[in-house]
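J.: Dropping a structure here in C-alpha cells format, bear with me for questions.
The values are calculated or read from the model by the stated rules, or taken from the named source; none is laboratory data. This structure is a prediction, so every number in the text was calculated from the model and none was measured. All Cβ positions, even for glycine, are placed from backbone atoms using ideal geometry, and neighbour counts span all protein chains on display. Note: accessible area is taken over every heavy atom of the protein model, side chains too, but ligands, DNA and RNA are not part of it. Shrake-Rupley method; radii C 1.70, N 1.55, O 1.52, S 1.80 Å.
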Amino acid sequence: MSISLPPSTNKSPQSLQPVGWLRYFSFSLDHKVIGLQYLVCGFLFYLIGGAFAGAIRIELTSPISDFMPRDVYNQVLTLHGTIMIFLWIVPVVNGAFGNYLIPFYVGARDMAFPRLNAVAFWLIPPAGLLLISSYFINGAAQSGWTAYPPLSITTPAAGQMIWIISVLLLGGSSIFGGINFIATILKLRRPGLKLMQLPMYCWAMLGTSILVVLSTPVLAGTLVLLSFDIVANTGFFNPTLGGNVIVYQHLFWFYSHPAVYIMVLPAFGLVSEILPVHCRKPLFGYATMVYSIMGIVILGLVVWAHHMFTSGTPPWMRLFFTIATAFIAVPTGIKFFNWVATLWGGRISLNSAILFSCGFIVNFVLGGITGVALAQVPFDVHVHDTYFVVAHFHYIVYGGSVFVIFSSIYHWYPKFTGKMLNENLGRVHFIITFIGFNLCFAPQHWLGLNGMPRRVAEYDPQFAFVNQISSVGALLMAISTIPFLWNVIYSAFKGKDAGDNPWKALTPEWLTSSPPPVENWIGEAPLIHEPYGYGKKRKLSSNTNNES
C-alpha cells in the first residue's frame, strides 16, 4: 500500500471558527472537525450514561427495590455500562484526541483516509440513538454489557438484538478508526521524522490501534453467532441445544480485556504529553515508555482468562493467566515511575490540566494494585462478581480514562477554540470530581470484601449505610459537571484569548494558530526532533524560531 504525503500549500488558511457551528453537523473531512465531533458527541452520551448511573445509585440507597422495577434496573445497568464504554470513553480517548492530534504529530495535513475517517464517526450517533431507543420501544437488553448467554438468550429478544446491532456498528467504527491511525502514523510521517522521535501519544495510538484491529473482529464474530442463537435458534452458545457458554466467555474476553487497554493506553499517551508541558521538564525515559506500551499490547492479548477463574478453568490455565497478568504490571509500573520522575523537581504549575493528570496517577495506581490482587486465583475466587470488582473496574476505567479526558480538555481547549478556560472553575471541578469519585468507589471495596454481589437491585440491609455513602459520592460527581459545563460554554464566548501557544509547549500542534487553519499550517509543517526538549536547544524546520 502506498500513501502519498498530502502536498503542502501556500494558500491562506481557512479558519474553522468563521465557518460557523453548522460545520460540526456536516460530513466534514477535516480531521480537526471530526475530532471535535467525537468529543462533543461522546460527552453528550456521557451525560446520558451518567444519568443512568444516578438512577442506579438512587435505587441502591435502600436495600429493597423501591425506585424502579427489577427488569428496568437490569436495563438501566446494561445501558449505563454499554454507553460509558462504547459511546464515551473509547470514542473520545481514541477518536476525539486521536483525530485532532495525530496528523499534527506526524506532520500531515489530514488522516490517511479522510472519508473513512468521517464514516467511522458518523456510525456512532445512529448506533447510540438506536441503543437508547430500545429502552422506549420494547425494553432494552437486560444482560449487562457482557451479554453472557444463557441470560442474553433467555431475556426478551428485541432489546438484546438492538444491543447487538448497536455494538456491531460501534465495533465497525473502531476498526475503521484503527486502520486509519495505523496508516497515518506509519505512512504519513513527514520525511525525516523517525519513529523514535514521535510524541508519546502517537505510540499509544499505534499500540491501541493494533489491539483494536486484532481483537474487535473477534467480538463482532461472537455477537453475530449470538444473534443467530437468539433469532434462528442455533446452538453456538445455547446449552439446551448443545452450545457452550464458556466458549462465549473466552471469545468475549479476548476482546474485552484488551478493551481496557484500548481505553487506558491513549490516556497514558495523553498524560505523557501534558505532564512535561506543565512541569517544564523532558518526559523521563522516552524509550522505556515506548517499549512499555508495546509490552502492554502483547501481554494484553494473552491475559483474558483471568476474568474466568470461577468458570471451571483447569489449574494449568489459571497458573498461566495469573503469571501473565502479573507480568503486565511491570510495563505499567515503568510508566508510573516515569511519570513520577517527570514530575520530580519540575516547575509544576498547579492548573486544572495537571491536577486532573495527577488525580489520574493516584486513581490508576490504586486500581492497578487491586488489579494485581484480582489476578491471584484465591483472592479472585473470594471476591468474584462482588462490588470489589466494580470498584476496581471504575478506578481503572473512570480514574484512568475520564480524569485524563478532563485533563486533556483543559490542556487543549485553547487550541480548539482560541480561548482559555477559567482556572478557578477548573480547580473547583477537579476538587469535587476527585472527592466524589473516591467517596463513591472506595467504599465499594469494603462492600465486595464483605460479600455484596454486583448487578443486584436488592441487598443485605447491613450494606445500606456504605451504599448511601457511595451514592453521596455519585451525587458529587454529578454536581461536578455543572462548573465544567458552565466553564466550557462561557469561555467559548467570553473567555480570555489564548494566543497560539499559551503553555509554551513544543509539540507541533502548538506551532500553528489557535484554532488551526484547515490544512493545519501555512506552508511546510514544522519538523520537531525533540517534542519534550524543555531546557534544550531545539531545531524547527519552519514556521517558528529556534528557542531554548
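J.: For Ile89, which of the numbered conditions (1) crowded, with 23+ Cβ neighbours inside 10 Å; (2) out of contact with any helix residue (DSSP H, G or I) (no Cβ under 7 Å at 6 or more places or on another chain) fails to hold?
T.: (2)
J.: Given the residues Gly448, Gly368, which is the only one that is out of contact with any Pro (no Cβ under 7 Å at 6 or more places or on another chain) and at pLDDT below 95?
T.: Unique residue meeting the criteria: Gly368.
J.: Using beta carbons and a limit of 8 Å, which pairs, at least six apart or on different chains, have the first residue in the range 370-393 and touching a residue at least 60 places away in the same chain (Cβ under 8 Å) and the second one outside any loop (DSSP other than H, G, I, E, B) and of a type in the set (Gly, Ala, Ser)?
T.: Partner pairs satisfying both residue conditions: Thr370/Ala391; Ala375/Ala326; Val383/Gly448; Thr386/Gly448; Tyr387/Gly448; Phe388/Gly448; Val389/Gly448; Val390/Gly448.
J.: For the range 113-164, which positions are open to solvent by 20 Å² or more (accessible area, probe 1.4 Å), in contact (Cβ under 8 Å) with a residue 40 or more places away in the chain and hydrophobic (A, V, I, L, M, F, W, C)?
T.: Across the range 113-164, the qualifying residues are Phe113, Leu116, Val119, Trp122, Leu123, Ile132, Trp145, Ile153, Ala157, Met161.
Table: residues versus (1) crowded, with 20+ Cβ neighbours inside 10 Å; (2) at pLDDT 95 or above; (3) not polar (S, T, N, Q).
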| position | (1), (2), (3) |
| --- | --- |
| Met477 | yes, yes, yes |
| Lys504 | no, no, yes |
| Glu509 | yes, no, yes |
| Gly523 | no, no, yes |
| Pro531 | yes, no, yes |
| Asn545 | no, no, no |
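J.: What residue, of Val224, Val260, is assigned to a helix (DSSP H, G or I), open to solvent by 10 Å² or more (accessible area, probe 1.4 Å) and modelled with pLDDT under 95? Reasoning before the result, please.
T.: Working: Val224 fails: modelled with pLDDT under 95.
Only one candidate qualifies: Val260.
J.: Any idea which of (1) farther than 19 Å from Ser401 by Cα; (2) at pLDDT 95 or above; (3) open to solvent by 10 Å² or more (accessible area, probe 1.4 Å); (4) aliphatic (A, V, I, L, M) is the one Met196 doesn't satisfy?
T.: So the condition that Met196 fails would be (2).
J.: Name the residues in the range 159-186 that are out of contact with any helix residue (DSSP H, G or I) (no Cβ under 7 Å at 6 or more places or on another chain) and either of a type in the set (A, V, I, L, M) or outside any helix (DSSP H, G or I) (or both), would you?
T.: Within the range 159-186, Ala183, Leu186 qualify.
J.: Among the residues of the range 43-62, is there at least one that is open to solvent by less than 10 Å² (accessible area, probe 1.4 Å) and touching a Ser or Thr at 6+ places or on another chain (Cβ under 6 Å)?
T.: There is no residue in the range 43-62 that is open to solvent by less than 10 Å² (accessible area, probe 1.4 Å) and touching a Ser or Thr at 6+ places or on another chain (Cβ under 6 Å).
J.: I'm checking my understanding of the structure. Among residues of the range 299-318 that are in a helix (DSSP H, G or I) and in contact (Cβ under 8 Å) with a residue 12 or more places away in the chain, which one is nearest to the chain's Cα centre (by Cα)?
T.: Gly300
J.: Would you confirm whether or not the range 454-461 contains a residue that is assigned to a helix (DSSP H, G or I), open to solvent by 10 Å² or more (accessible area, probe 1.4 Å) and β-branched (Val, Ile, Thr)?
T.: Checking the range 454-461: not a single residue is assigned to a helix (DSSP H, G or I), open to solvent by 10 Å² or more (accessible area, probe 1.4 Å) and β-branched (Val, Ile, Thr).
J.: Looking at Arg115, Arg189, which one is in a helix (DSSP H, G or I) and of a type in the set (D, E, K, R)? Don't jump to the end; show me each part of the working.
T.: Numbers: Arg189 fails: in a helix (DSSP H, G or I).
Selected residue: Arg115, the only one of Arg115, Arg189 that is in a helix (DSSP H, G or I) and of a type in the set (D, E, K, R).
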